[in-house]
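What follows draws every value from the coordinates through simple rules; no lab data is involved. What you see is a predicted model, and the numbers here were worked out from it, not measured in a lab. Here the Cβ is made from the backbone with ideal geometry for all residues, glycine too, and neighbour counts use every protein chain on show.
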């Protein structure tokens, strides 16, 4: 039909599947195995449902307030969205409008090229080194913007802050985005650089470390100017993105810092233990500072292991893509879940 | 700074203010004066907060299921979003990519030109007739798409379905969007036309008639093809837009049809009673089929009335814009609230 001529046709991002099988071990979308802070449950029960008839706060003040206090950053330097994907998509639309290509690693979060295609942003992927690390020199060329996750996904590799700063310093004329979805699991944040570099945006999410994938909360911190531009674009799309439950329950999650840190250290301990098991079973992997491990077996195909795990109702992530086809990305669950994975791998590998 | 050269600069939509004063009468953003259905409160208390650690259903199945049943439309003909603004913004991005201008009324929802500017869509506004009605002939010219609300906002005027169909029939080569945010308050829906016209999209919201502005739920119904294109674009922006509370509480609201219809008829009764009072007080207004009235006083300036009402903590909407500067848009609240407005108007007008 003729009306289809002017439809924006895209190849959408494919999210990890969301199976719903009792007894499954779901380690394919980097969710947190622990529930949100106990206070969230209490607050949910007390939620004033009558208030749902009214529009929520358009600036998501309850949420921005606690983030401002927690990170010690002025409120007008914080932007929140419906998951970090919403924040990132808005940042692509707002900041990447150059004729020059934006730059990001060849192996990275697979939404970057999807947003670039959707918004018709020219882009160039920069190959990671053989050890999956970034070569800062690759980002010292003319470009329309820079984005990379730290730790990177799906490799889990954390880049030292000196290298991050080297890339920021080399790119004063474009916006640089550091996507820190996984930084709470042992990386160091580039947040303090946002005081110094007006063109730096640091993006975070509640979906991983804060056990709140189901609420859809992401945020970013940057200079007052960057955040103003982002808000202008946001208010040109949707005045009210954060609903009441996400504003009040999200705020509550931030307030319980003890629970947050306990959860993080449990996951980190499980990860380190699981690394040893993987090594014992013949896997190699970059040294992950995230809540997942990107592992390849020395002799057995990733595809085979992936399918065998599925048969045992253990879901991990696998991509049929250049360079990473022989890798599995395994989310860190509870100790019990990882024990099941180890047992399953022993059976699959016959050891 | 040089990085600012490539920032998308926009003039954002300005939403109605959200004052929070005890004892205020808030009639400026067309919210519903009645709370969501009682079942929603019960369900909120039972919500399984543990599940928030997981990503929500990416297709928002719980919500789409009940909408499919309620409207008797296949699930793959329904798209949901974070309020109808999210749905409309996504539709603009997906469907309005022609070099020819899209068409919409000169007096209408003031987000349309904002989205057009943001996405760099050429547009032309079509003047409404003096009685605020649409002349269908105006839409029989080459264009890149058509959108109008029915009932229109802020006039409240409902266009008969024959005229709506006339416009659809005249535009088979572009996407036609009928924005039915207010149709539940006494208009007739163009929904059944979506069976017949593959290029017609009908957009709805939970924010007005369903008392759920605070949850951010909108949806649209169209042909399978239109919805597929919309979903492809959506999955290129954000895999998970509808959080768990909005999916389960939104679904519950649809299930209680008796409460829904009771609420609607209360608002309609209040509106009709308020119309008589407005006429008595010397106002003129199009015959609203929505939950607001667009009124102008025969002798007293709208601006003056607006400011005097504010002093009495009564908030209505007023725009300093061509053609509508002498009008107030007054949301229909409870009978008690409208009595307060009438009393305040009597004082302001000295009658």
Checklist entry - Can you give the relative contact order of the stretch A:38-256 as a percent, counting alpha carbon pairs under 8 Å and 6+ residues apart? => result 29
Checklist entry - Of the residues B:299, B:270, B:334, which exhibits the maximal mean-square fluctuation in a Gaussian network model of chain B defined by a 10 Å Cα contact cut-off? => result B:299
Next on the checklist: With equal scatterers on the alpha carbons only and no solvent term, can you work out the Debye log10 of I(q)/I(0) for the stretch B:38-256 at 0.11 1/Å?
Outcome noted: -0.52
Checklist outcome for this item: Both in Å, the radius of gyration and Dmax of the C-alpha trace of the protein assembly as shown are 26.4, 92
Item to check | For the stretch B:106-155, convex hull volume per residue from C-alpha positions, Å³ | outcome: 74
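Under 20 °C and 1.002 mPa s, how fast does the stretch A:216-294 diffuse according to Stokes-Einstein, given a Kirkwood radius computed over C-alpha pairs? Answer in µm²/s, whole number.
On the way: Rh = 16.3 Å.
Reported coefficient: 131 µm²/s.
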Item to check | Stokes-Einstein D for the stretch A:244-351, Kirkwood Rh over Cα pairs, 4 °C, 1.567 mPa s (µm²/s) | outcome: 85
Checklist outcome for this item: Inter-part gap, Cα centre of the stretch B:259-306 to Cα centre of the stretch B:1-62, in whole angstrom, is 26
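Antiparallel versus total DSSP beta bridges in the stretch B:38-256: what percent is that, nearest 5?
Working: 8 of 22 bridges.
Around 35 percent antiparallel, to the nearest 5.
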Checklist outcome for this item: Distance in nm between residue A:66 and residue B:265 label points, each 7 Å along Cα→Cβ, equals 4.3
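Using the Kirkwood formula over every pair of different C-alpha atoms, what hydrodynamic radius in Å results for the stretch A:301-351? Show your work: numbers first, answer last.
Numbers: mean 1/r = 0.0883 Å⁻¹.
Mean inverse Cα-Cα distance, inverted, gives 11.3 Å.
Counting helices only, and only those DSSP H runs with n ≥ 4, report the 222 nm mean residue ellipticity of chain A as the sum of -39,500 (n - 2.57) divided by its residues, in deg cm²/dmol to the nearest 500.
Details: 10 runs with 121 residues, N = 351.
Result for chain A, helices only: -10500 deg cm²/dmol.
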Next on the checklist: If you average the alpha carbon positions of the stretch A:205-253 and of the stretch A:320-345, how far apart do those two centres end up, in angstrom?
Outcome noted: 30
Item to check | Distance between modelled label sites at residue A:130 and residue A:258, nm, 7 Å Cα→Cβ extension | outcome: 5.0
Checklist entry - What spacing in nm lies between the two simple spin-label points modelled at residue A:110 and residue B:322, each 7 Å away from Cα in the Cβ direction? => result 5.0
Next on the checklist: Using only the alpha-carbon atoms, what does the stretch A:1-112 span along each of its principal axes? Please give whole angstrom values in decreasing order.
Outcome noted: 51, 45, 37
